[in-house]
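One structure below.
Please treat every number below as a calculation from the coordinates, not as lab data. Please read all numbers here as calculations on a predicted model, not as lab measurements. Here the Cβ is made from the backbone with ideal geometry for all residues, glycine too, and neighbour counts use every protein chain on show.
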Amino acid sequence: MVTMTAAEFNRAPSAVRRQVLTSREPVLVTDRKRPSLVVMAYNEYLSLTTPSPGDPVAWLRMDADIDFDPAPVNIGLRVPEL
């Protein structure tokens, strides 16, 4: 991943765009040596945010209500004798 400072980014934003589109890699922009933003191609962004049908994360995000009524569990805890 290419890294550049915020000042470099502000001087030449079109160069950052060209870099992203030609290399197909994101560009990390830092502000005072700390990461502040990432510039990436829109198609790459979509591939990260659109779940695939077999994606387990998408399954965990499902909107349907699930009836869940577990039975009480007795694990046998008791007060220790001193």
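Looking at the chain, the chymotrypsin sites (Phe, Trp or Tyr not before Pro) that sit in a DSSP loop and have at most 14 other Cβ atoms within 10 Å of their own Cβ are F68.
Please return the longest range in the chain lying between exposed loop sites, taking trypsin sites (Lys or Arg not before Pro), DSSP loop only, at most 12 other beta-carbon atoms within 10 Å, and leaving the sites out.
34-60
Could you give log10 I(q)/I(0) at q = 0.12 Å⁻¹ for the chain, computed by the Debye formula over C-alpha point scatterers of equal weight, without solvent? For the requested q values the scattering log ratios are -0.60. Counting Lys and Arg as +1 and Asp and Glu as -1 over every other residue whose Cβ lies under 12 Å from the Cβ of V38, the net charge comes to -2.
The mean sequence separation of alpha-carbon pairs under 8 Å and at least six residues apart, normalised by the residue count of the chain, gives a relative contact order of 21 percent. With the helix formula -39500 (n - 2.57) applied to DSSP H stretches of n ≥ 4, the chain reaches a computed 222 nm mean residue ellipticity of -9500 deg cm²/dmol. The charge dipole of region 2-60, taken about its Cα centre with unit charges on the Cβ atoms of Lys, Arg (+1), Asp and Glu (-1) only, comes to about 320 debye. Mind checking which of L37, L46, L60 has the largest fluctuation in a GNM of the chain, springs on alpha carbons under 10 Å? Sorting by GNM fluctuation, first place goes to L60. Measuring between their Cα centroids, region 1-32 and region 38-82 lie 35 Å from each other. Residues whose amide H comes within less than 5 Å of that of T30, counting only those at least five positions distant or on another chain, are M4, T5, A6, S36 (H built at 1.01 Å from N in the peptide plane). The ranking of V29, V39 by Cβ neighbour count inside 10 Å, starting from the fewest, reads V39, V29.
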